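One structure below.
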Amino acid sequence: MNANKYRKCDHAILIKNPIITTYHDLLNDRIKVMSRGTWQNDEQVIVLIRYVLEVKLGLSKAEIPLINRTIIAENKLWGALNRFKSLHKLIHFVYPGVYHECDFQRVTPDYWSDVEKIKERFEWKLKEENLLVSDIPSFITCHTLLKWGFSNPLKRHGDSPFRLMNALYPNRFKETDFKKTPQRFRKDKTALRKQILEILQSEGIHFEDVPEKVNHELFRRHHLLGVLSSYSSSISKLFCSLFPENFTADDFTKPNGYWDNLDNTRIAIQQLFKRDNILEKDIPTYLTKIRLQEAKLGGLLYRFHGSPIEIVQILYPGRFSVLEFQRVPNKYWYNRDHRIQAMRDFCHKYKITRKGLPLLNRAYFRKHFPRFISIADRHYDSKFYQWIIESFPEYKFTPEEFELLVGKDGQICDSKEELILHNFFLQTLTDADIQREKVHFRNEQADETYIPDWIIEQNSSKYIVEYFGLYGSGLYPGYTEKAKRKIEFYSSIKDYQFMAIFPADFKEEGFDRLVKILKDAKVRVVY
């Protein structure tokens, strides 16, 4: 075998090599030194070094180039190190082409003095991070270079990312292209004033239009966000500082952080109410997104996540319920705490006591507060009792208090027909596991979540069973259309077999049609 084969062979072959036996004699002091010529034999050096590092010490690929002379001494490998004179050369010999100079604890003397070597390693790192050379100004900072292991090159170039990059790519970038420009540039108002005027000219922006047309995007596009940061990222502060005779703060839109001050928010909102003679009781219906945008308070709206509700609740804590507002933010009801608070607020407002809570159902809310119906449909599968139990844990409600239909095994059913079906399954599918509303399925195409009436498991087979009690009745608009989507979706789930049951399956006396549906699906029925 040649040397390369020993570099590639697995550990089982390494261990069987006779030189390993001799090496163990050395470790156990049965011999004083390895036989003459061992460390000049390429194959034996490769076998011994690989055995010690990979088998004996169990080092990972990344750990191997990090070994030091202590490991060499502890494992009696001085002969190999004496031959190659350095750990770098020894590792490169045993693992040719595997490691870069920068993978070692220390690079060789003067390695970083070669700009081409710096550039080679730097571009390798760019590729590893999926970055282009054109991305350099946006990503490269002192912190990034230190993290990537370029502390020595950075120090050689005065701790300046721009100077280092300019050495690698001469005249490719300007100082202002970088996120952080040198402090001396930021303090040179003459140079900065000149560059700003050049940018305005290139963008076709008249000087008097600066407050209206200059924005952060323009500074980002011209790589001046670092300069802007020296002025608290405030366009008005920058222009008022560079051109004090031309601009004042009132000429510009509100600076960053302006709306973080609640006093500023309170003044703006109160001025709006005063202008339109708004009474406090009318605030929830008056304050809308459109109203704020028309009043040129889009920045305020953005600060509070586009939610007038959040603005009101912060300025008037505890004064208004979310139910009093015309609209809620997108996904607002996906938050469980929001749903609970809304139900508690509603019951508090209408003085609904514990005794009255179990009486709240779909018909009640359709008459008194229809907005709750869509929330119950989406988040509680139309079961208001689940929402109520979740919202009032202190009352410790039982299903019986809601006059729910309970099967013989204690599971809750939604209708008398479902109760009959459930008890029939318990009676006839004696060796099956029968669970009500156990699993959630997500129909991404229709943006709907479904909870089947039953999941039945018998032996190794799993079944979805759904009763479509109102199919074709027209009692609830959209019921039949949603049922069709469910049927199509359930039928597509490969790990389950789907069984649909319709009201017609109850028309005949007895359960013969149900038994046939089950048997057609290969369910074992005791009937």
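Please treat every number below as a calculation from the coordinates, not as lab data. The model shown is predicted, which means the values in this text are computed figures rather than measured ones. Neighbour counts are summed over all protein chains in view; Cβ atoms, including those assigned to glycine, are modelled from backbone coordinates with ideal geometry.
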Computed magnitude of the charge dipole of the stretch 345-445 (debye, nearest 20; Cβ of K, R +1, Cβ of D, E -1): 680
Dipole of the chain [Lys/Arg +1, Asp/Glu -1 at C-beta], most positive-end residue of Ile20, Gly472, Phe243: Ile20
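Give the percent of DSSP beta bridges with both residues in the stretch 405-520 that are antiparallel, rounded to the nearest 5.
Roughly 75 percent of the beta bridges in the stretch 405-520 run antiparallel, per DSSP.
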The chain - convex hull of the alpha-carbon atoms, volume per residue in Å³: 307
Per DSSP, loop GluC sites (Glu not before Pro) in the stretch 211-305 with at most 13 further Cβ within 10 Å: Glu245
Cut-off under 5 Å, modelled amide H: who pairs with Gln497 long-range: Lys462, Tyr463, Ile464
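Rounding to the nearest 20 debye, state how big the charge dipole of the stretch 184-256 is about its Cα centre with +1 on each Lys and Arg Cβ and -1 on each Asp and Glu Cβ.
Roughly 520 debye, rounded to the nearest 20.
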Cα convex hull of the stretch 333-402 - mean projected area over all directions, nm²: 4.3
Diffusion constant of the stretch 351-491 at 10 °C, which comes from Stokes-Einstein with the Kirkwood Cα-pair radius and 1.306 mPa s, µm²/s: 95
Karplus-derived 3J(HN,Hα), 6.51/-1.76/1.60, for each residue of the stretch 430-437, Hz, glycine and proline x: 5, 9, 10, 9, 10, 10, 8, 6
Proximal charge balance of Asn2 [Cβ under 11 Å; K/R count +1, D/E count -1]: +1
Percent of alpha-carbon pairs separated by more than 12 Å within the stretch 96-155: 71
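Which shape class applies to the stretch 425-527: rounded if a/c is under 1.5, otherwise prolate when a/b exceeds b/c and oblate if not, where a ≥ b ≥ c are the square roots of the Cα gyration tensor eigenvalues?
oblate
What number in nm² do you get for the stretch 184-256 if you take the convex hull of its Cα atoms and divide its surface by four?
Result: a mean projected hull area of 4.4 nm².
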Share, in percent, of DSSP beta bridges within the chain that are antiparallel, nearest 5: 75
